[in-house]
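So the structure is just underneath, and the comments pick up after that.
The values are calculated or read from the model by the stated rules, or taken from the named source; none is laboratory data. From a predicted model like this one, the values you see are computed outputs, not experimental measurements. Here the Cβ positions follow ideal geometry from the backbone for every residue, glycine too, while neighbour counts run over all protein chains shown. Only protein heavy atoms, including side chains, enter the accessible area calculation; ligands, DNA and RNA are left aside. Shrake-Rupley method; radii C 1.70, N 1.55, O 1.52, S 1.80 Å.
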Amino acid sequence: MNTTSAAPTFDWRGRADALAVDGRAFLGGRRAAAGTGLTRPTISPIDGRVLAELAACGAHDVDIAVAAARRAFPEWSRLGAEKRKELLLALAALMEQHADELALLETLDSGKPILQTTTVDVPGAISTLRWYAEAADKQNGELPAVPPGATALVTREPLGVVAAIVPWNFPLEIAVWKLAPALASGNTVVLKPAEQTSLSVLRLAELAAEAGFPDGVLNIITGTGREVGAALAHHMDVDALAFTGSTAVSRTLLEASGRSNLKRLSLEAGGKSSNIIFADTADLPEAAAKAAFGAFYNQGQVCSANSRILVQRDIHDEFAALLVDAAAGYRPADPLAGLEGNGALISSAHANDVEGWIRRGRADGEVLFGGERREIRGSDAYLEPTLLGGLGSDHDVHRDEIFGPVAVLHPFDSEEEAVRLANATDYGLAASVWTSNLSRGHRVAGELLAGTVSVNTVDALGNTTPFGGFKQSGFGRDLSLHAFDNYTAPKTTWIQFG
Ligand code: NAD
């Protein structure tokens, strides 16, 4: 975590009070109310303030958004990769100019600390956008071997209209993970943000228009998953759907694709990732600091959160003490104060659910650290980072995704046991391994069923490396050149000349 900017003295609260927020959708190049005129308030978990009235769009508005994206597709796809690159880079430059505003919207909407949105979420989104802009005109086709008298070209073609449905935990970053490769490769996009966190991507679409994107290339449709998300999933004129969210919703999207037009799906679903710490780890304090980060960062609302911490028995107690110290760094504070530490969970209701898990952990095991709810500025959406122990490895806390700042510590004896415990989940998104034995690091990484295995770090991630899951964590990959596979199809053009 980069924690260098967002000086605590900056008056973020004053800026928040002065911020004008528009909650209308962004369809066909301009702001739009829902066809019905209905709105729904969006509330900040930080202090309960109403941030804006969001357009409560429905199926009719989805038709309008998809039609706008369809109309824009021929021009956008034929514009050429170099021109698309320039427009994406112009958008990245505008995001940079408006970085503070985007960070503030993200913090108010999601509860993340401003220190995080200014140093991670917004710079991360800009960096990913630039990466795909630069990749746009550096993709080459293939000339496969064919019999004499012919030439075959294999080109990557955009699919058409891409719908993206994204969650609330990294609203801007995950949106860019989808729309950057989709747009760079010539598709047009209809993006549905989570109903809790629509504001940063709505502003992003305005900036895209300012950058010169043709109308309809990027549309943002606000509304609920049940109405807008489902309408996109069933739409006959949506060619591909890129999703990040729960495994339960992923299942409904697969069904909807099957019942409609067999639209291409990429699904990044839930996770329950393990962090395995072997007794031969060279730097235990570093491992403990990273383990706390892996479990509690972003209030633990991270799909790849390392929420199961498996520690070799010989070092269990020593490591537990180090981890308790490190966890203290994730105590919640006012997200607008510019301080280190965690912010608010996405809502008070979600904090209730997470607290329910803590109660179960307390009843069946013990709370080694934290466990308490906190009230800050009249909001009770804050929870202490919580470390549970003394729970059997088949306890629900070990298996279910809690999606909050709750981790469970568990001892193991052998390498085989560690791998078995880590793989004993329906998910397969990520895992971490700490050891100073290179052979063991490789061996265990090979045996873990996870899309990303981090060795001697946690949750390793970058623009250049694919991110996604095995098993019920979904399929398809975000980030890296592999993401283009979600949004393009190979096309063979065979030219017979002999
Ligand atoms: P969610 O699945 O409830 O919602 C995600 C998105 O889907 C939202 O935009 C929501 O409005 C929409 N949606 C809800 N019901 C829908 C339906 N029936 N049809 C179409 N769309 C629908 O998940 P959430 O609570 O927003 O996010 C938490 C989940 O997301 C966790 O399970 C977490 O692991 C997962 N997640 C995964 C990744 C990843 O990359 N694998 C990243 C972040 C979050």
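Descriptive notes on the structure:
- Enumeration of residues in segment 390-422 that are surrounded by fewer than 17 Cβ atoms within 10 Å (Cβ to Cβ) and part of a helix (DSSP H, G or I): ASP396, ARG399, GLU416, GLU417, ARG420
- Against the conditions (1) farther than 22 Å from PRO158 by Cα; (2) within 11 Å of the ligand (Cβ to nearest atom); (3) charged (D, E, K, R), ASP459 satisfies every one except (2).
Yes or no, residue by residue, for (1) in contact (Cβ under 8 Å) with a residue 60 or more places away in the chain; (2) in contact with a Leu (Cβ under 8 Å, 6 or more places away or on another chain):
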residue: SER110; (1), (2): yes, no
residue: VAL120; (1), (2): yes, no
residue: GLY124; (1), (2): no, no
residue: THR128; (1), (2): yes, yes
residue: ASP137; (1), (2): no, no
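- Any hit, segment 294-312, residues being open to solvent by 10 Å² or more (accessible area, probe 1.4 Å), of a type in the set (Val, Ile, Thr), assigned to a helix (DSSP H, G or I) and touching a residue at least 40 places away in the same chain (Cβ under 8 Å): no
- SER473, sole failed condition from (1) within 16 Å of the ligand (Cβ to nearest atom); (2) in contact with a Ser or Thr (Cβ under 6 Å, 6 or more places away or on another chain); (3) not β-branched (Val, Ile, Thr): (2)
- Here is the figure for segment 248-266: residues that are near the ligand (Cβ under 7 Å from one of its atoms) and either open to solvent by 20 Å² or more (accessible area, probe 1.4 Å) or at positive phi (or both) total 3.
- Scanning segment 269-283 for residues that are closer than 30 Å to ASN187 by Cβ and either touching a helix residue (DSSP H, G or I) at 6+ places or on another chain (Cβ under 8 Å) or open to solvent by 60 Å² or more (accessible area, probe 1.4 Å) (or both) turns up ALA269, GLY270.
- Qualifying residue in segment 408-428 (condition: over 19 Å from ALA291 (Cα atoms), among the aromatic types (Phe, Trp, Tyr) and without any contact (Cβ under 8 Å) to a residue 60 or more places away in the chain): no
- Inside segment 226-240, residues that are near the ligand (Cβ under 8 Å from one of its atoms), open to solvent by 30 Å² or more (accessible area, probe 1.4 Å) and touching a helix residue (DSSP H, G or I) at 6+ places or on another chain (Cβ under 9 Å) make up a count of 1.
- Hey, LEU202 within 20 Å of ILE64 (Cβ to Cβ) and assigned by TED's automatic domain parsing to the domain that holds ALA69 or not: yes
- Among the candidates ALA320, ALA328, ALA291, residue that is crowded, with 23+ Cβ neighbours inside 10 Å, in a helix (DSSP H, G or I), of a type in the set (A, V, I, L, M) and touching a strand residue (DSSP E or B) at 6+ places or on another chain (Cβ under 8 Å): ALA291
- Exclusive hit being surrounded by fewer than 18 Cβ atoms within 10 Å (Cβ to Cβ), aliphatic (A, V, I, L, M) and within 16 Å of the chain's Cα centre (by Cα), set LEU449, LEU461: LEU461
- Checking GLY149 against (1) within 16 Å of the ligand (Cβ to nearest atom); (2) open to solvent by 10 Å² or more (accessible area, probe 1.4 Å), the condition it does not meet: (1)
- Any chance LEU143 is surrounded by fewer than 24 Cβ atoms within 10 Å (Cβ to Cβ) and over 27 Å from ALA337 (Cα atoms): yes
- Residue check, LEU322 in contact with a Pro (Cβ under 7 Å, 6 or more places away or on another chain), without any contact (Cβ under 8 Å) to a residue 60 or more places away in the chain and more than 15 Å from the ligand (Cβ to nearest atom): yes
- Residues in segment 250-270 that are touching a strand residue (DSSP E or B) at 6+ places or on another chain (Cβ under 8 Å), not in a helix (DSSP H, G or I) and not aliphatic (A, V, I, L, M): LYS263, ARG264, SER266, GLU268, GLY270.
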